[in-house]
Amino acid sequence: MKSKKLIIGLAIVFICAFLYFENNNIVVTKQIIASKKLPKSFDGFKIVQVSDLHSKIFGKDNKTLTKKIREEKPDIVVITGDFIDRRRYDEEKSMTLIRGLNNEFPIYYVTGNHEGWSGKFTSLEKKLLDSGVIVMRNTSHKISRGSDSITIAGIDDPAFEAKQHEKEEKLKDITSRRIKEAIKKDDKNFKVLLTHRPENFDIYAKNNIDLSLAGHAHGGQVRLPFVGGLLAPNQGWFPKLTQGVHTMGDSHLIVSRGLGNSIVPLRIFNRPELVVVSLKAK
């Protein structure tokens, strides 16, 4: 009887330790995107992508996360939505990441569905802008090196305009319209799009985006060996776009598994992810 209790006790300890590790130990995933359109002066340009933080804290005041970002020595840091969680809204927890980076890198930010549905983004946006963050709301910027430049664009999540559980056709229409608003027709630069939703990859490719960075899918929340992600918003069961690099013609999409959790509180075989993208001139 005692041995049975001991085995049960050890099993509980093991499961708790496993779940803690799976949800708090950040993995850094490095990706390389090569393009003929990329100017040689941007060869090696490095982007760190933070996605779906949902106000989660890694170490006191997010020091563990900021340390990992610093170690990569990026040219820019991008945040691709769901920086806060609408169900457990806490701006200050999220802002510890921004303050911890001390303006060491340019930070570009786009919204996710949680910012839209929270109804409180005006307050968070002001804090981000006051901290020097470049909040991109259907806008684009040129990043220059000498006489060369690339374009970085960012679009608002459709949640600012559409209701929850809106039909996918309407969400895609909103996304398409916002890309056209953000990027000029005659822009021939290598283009990086910051967006929240990976399921609209076909629209990004159709609009000649060279590289799109997205999150939203949380890696499928639970990842099964030989299967992949189990469930993702707007993609349903066994979604295809949950992590890694995807290609459609000359257009690339990188999907971050994200860092935090929302309605489902646990990740399984799906550690929090910080994505590091290096651009390569062919």
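Tabulated results
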| quantity | calculated |
| --- | --- |
| Violating pairs (Cα-Cα greater than 27 angstrom) within the set 184/280; 93/167; 40/172 | 93/167; 40/172 |
| Between 0 and 90°, nearest 10: helix 121-130 axis offset from the chain longest Cα axis | 70 degrees |
| Long-range amide H partners of residue 85 with built H, under 5 Å | 55, 90 |
| Helical contribution to [θ] at 222 nm, DSSP H n ≥ 4, -39,500 (n - 2.57), averaged over the chain, rounded to 500 | -9000 deg cm²/dmol |
| The chain, dipole about Cα centre (Lys/Arg Cβ +1, Asp/Glu Cβ -1), debye to the nearest 20 | 640 debye |
| Distance between modelled label sites at residue 14 and residue 127, nm, 7 Å Cα→Cβ extension | 4.2 nm |
| Order by protection proxy (mean Cβ within 10 Å, highest first), peptides 226-238, 172-184 | 172-184, 226-238 |
| Chain lengthening between residue 30 and residue 137 when straightened (0.36 nm per residue, less Cα-Cα) | 35.8 nm |
| Per-residue HN-Hα couplings for the stretch 40-54 [Karplus 6.51, -1.76, 1.60; θ = phi - 60°; Hz; x = Gly/Pro] | 4, 5, 9, 4, x, 4, 10, 10, 9, 9, 10, 9, 6, 5, 6 |
| Modelled FRET efficiency - R0 45 Å, residue 238 with residue 148, Cβ distances, 0.05 increments | 0.60 |
| Of all DSSP beta bridges in the stretch 198-281, antiparallel share, percent nearest 5 | 65 percent |
| P(r) weight above 32 Å for the stretch 2-281, C-alpha pairs, percent | 22 percent |
| Reference-scaled alpha-carbon Rg (2.2 N^0.38 Å with N residues) for the stretch 135-282 | 1.08 |
| The chain, relative contact order in percent, only Cα pairs under 8 angstrom and at least six apart counted | 27 percent |
| Assigned charges on the beta-carbon of Lys, Arg, Asp, Glu; the stretch 210-280 dipole about Cα centre (debye) | 240 debye |
| Angle between the chain longest axis and helix 63-72 axis [Cα atoms, degrees, rounded to 10] | 50 degrees |
| Karplus 3J(HN,Hα) series, Hz, for the stretch 232-242 with 6.51 cos²θ - 1.76 cosθ + 1.60 (x for Gly, Pro) | 9, x, 6, 10, x, 6, 6, x, 8, 10, 10 |
| For residue 26, residues with placed amide H under 5 Å, excluding near neighbours | none |
| Nearest-ten-degree value, helix 91-101 long axis tilted from longest Cα axis of the chain | 70 degrees |
| In order through the stretch 169-180: 3J(HN,Hα) via Karplus (6.51 cos²θ - 1.76 cosθ + 1.60), integer Hz, x for Gly, Pro | 4, 5, 4, 5, 4, 4, 4, 4, 5, 6, 5, 5 |
| Estimated FRET transfer efficiency when R0 is 22 angstrom, pair residue 169-residue 247 (beta carbons, to 0.05) | 0.35 |
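Taken together, the values in this text are just the output of simple stated rules run on the coordinates, not laboratory data. As the structure is a computational prediction, the values presented were derived from the model and not from experiment. Every residue, glycine among them, receives a Cβ derived from its backbone with ideal geometry; neighbour counts consider all protein chains shown.
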